[in-house]
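Presented below is the structure to which this report refers.
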Amino acid sequence: DGGITQSPKYLFRKEGQNVTLSCEQNLNHDAMYWYRQDPGQGLRLIYYSQIVNDFQKGDIAEGYSVSREKKESFPLTVTSAQKNPTAFYLCASRPGLGNYEQYFGPGTRLTVT
Amino acid sequence: QKEVEQNSGPLSVPEGAIASLNCTYSDRGSQSFFWYRQYSGKSPELIMSIYSNGDKEDGRFTAQLNKASQYVSLLIRDSQPSDSATYLCAVNPWQAGTALIFGKGTTLSVSS
């Protein structure tokens with residue numbers, strides 16, 4: 001089955017700990033994205049990557065880091081510098097070259113206490 | 001600041017009625033427009049894409065685009081309780097790379 005997987009579905013961490021969220025796709029999509037969604041808020045772009053070994057900051061990149069070592073994988077690390085990390089994190093991918101349709105993974109709900 | 005605006009709702013319609021969801025965008029050069037459906041606690045699902053002025057129909061869904069008015073809408077005919085969800089409008093602004101700008105969504109409630 002082709003698709004985007006995110007793991008884990010729920011994640012609980014203590015304040016001050018870094019945590020890495022996984023995103024994998026087997027759709028052979030070129031571009032991948034990380035969004036954050038808070039209650040009553042729209043989707044806010046954290047980071048995106050259009051090709052391997054390259055990524056760009058989105059609107060709210062502070063306190064987050066990413067890597068894109070493989071086309072299939074785009075992990076997101078939420079660092080202790082992120083002041084309000086509790087949120088629903090969504091990974092998306094896009095086929096590339098003029099096709100702007102984005103497809104989302106199931107999401108990871110992160111709770112930091 | 002490129003923006004996408006939607007009424008937050010809730011928009012309430014009876015089963016079988018037509019639901020009309022609206023979205024305006026600020027970047028006149030935008031080229032691609034999308035509607036996503038998001039059920040509570042789930043991730044967004046792409047339901048419609050539209051790229052040129054006019055109407056695009058897919059089953060019970062019709063997307064309408066008017067670039068001159070910077071307006072895109074989604075009509076849902078014969079609304080069903082299973083259509084109850086939040087609908088997100090997304091736009092790819094001109095020269096924004098590949099990132100989409102999302103509206104905050106309109107919550108639709110269909111009563112049986």
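The values are calculated or read from the model by the stated rules, or taken from the named source; none is laboratory data. No experiment lies behind these values; they were computed from the predicted model shown. All Cβ positions, even for glycine, are placed from backbone atoms using ideal geometry, and neighbour counts span all protein chains on display. Calculation scope for accessible area: heavy atoms of the full protein, side chains included, ligands and nucleic acids excluded. Shrake-Rupley method; radii C 1.70, N 1.55, O 1.52, S 1.80 Å.
Structure summary
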quantity	calculated
B:Val72 vs. criteria surrounded by 14 or more Cβ atoms within 10 Å (Cβ to Cβ), touching a Cys at 6+ places or on another chain (Cβ under 8 Å) and β-branched (Val, Ile, Thr)	yes
Filter pass, A:Phe104 being in contact with a Cys (Cβ under 9 Å, 6 or more places away or on another chain), touching a residue at least 24 places away in the same chain (Cβ under 8 Å), more than 10 Å from every other protein chain (Cβ to nearest Cβ) and of a type outside the set (Lys, Arg)	no
Condition met for A:Lys71 (in contact with a Phe, Trp or Tyr (Cβ under 7 Å, 6 or more places away or on another chain), open to solvent by 20 Å² or more (accessible area, probe 1.4 Å) and more than 10 Å from chain B (Cβ to nearest Cβ))	no
Which listed residue is under 28 Å from A:Pro106 (Cβ atoms) and among the aliphatic types (A, V, I, L, M), from B:Ala17, B:Ala85	B:Ala85
Strands (runs of 3 or more DSSP E) (entirely within the range A:10-64) containing at least 2 residues that are within 19 Å of B:Ser43 (Cβ to Cβ)	A:10-13, A:19-25, A:31-37, A:43-51
Failed condition for A:Glu24, given (1) of a type outside the set (Gly, Ala, Ser); (2) free of Cβ contacts under 8 Å to residues at least 60 places away in the same chain; (3) surrounded by fewer than 18 Cβ atoms within 10 Å (Cβ to Cβ)	(3)
Qualifying residue in the range A:79-96 (condition: out of contact with any His (no Cβ under 9 Å at 6 or more places or on another chain), part of a strand (DSSP E or B), among the charged types (D, E, K, R) and away from every other protein chain (no Cβ under 14 Å))	no
Qualifying residues in the range A:65-78 (those that are part of a loop (DSSP other than H, G, I, E, B) and under 18 Å from B:Ala99 (Cβ atoms)) - the one nearest to the chain's Cα centre (by Cα)	A:Phe74
Filter result for B:Tyr87 (in contact (Cβ under 8 Å) with a residue 24 or more places away in the chain and not small (Gly, Ala, Ser))	yes
A:Leu45 vs. criteria open to solvent by 10 Å² or more (accessible area, probe 1.4 Å) and within 14 Å of the chain's Cα centre (by Cα)	yes
Selection from the range A:97-113 of residues that are in a loop (DSSP other than H, G, I, E, B), of a type in the set (S, T, N, Q) and open to solvent by 10 Å² or more (accessible area, probe 1.4 Å)	A:Thr113
Residue in the range B:86-96 that is open to solvent by 30 Å² or more (accessible area, probe 1.4 Å), away from chain A (no Cβ under 11 Å) and not in a strand (DSSP E or B) present	yes
Within the range A:8-33, considering residues that are within 11 Å of the chain's Cα centre (by Cα) and within 14 Å of chain B (Cβ to nearest Cβ), the one farthest from A:Lys71 (Cα to Cα)	A:Leu21
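Every residue, every condition in (1) more than 11 Å from the chain's Cα centre (by Cα); (2) of a type in the set (Ser, Thr, Tyr), yes or no:
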residue: B:Leu11; (1), (2): yes, no
residue: B:Ser30; (1), (2): yes, yes
residue: B:Phe33; (1), (2): no, no
residue: B:Arg37; (1), (2): no, no
residue: B:Phe61; (1), (2): no, no
residue: B:Gln70; (1), (2): yes, no
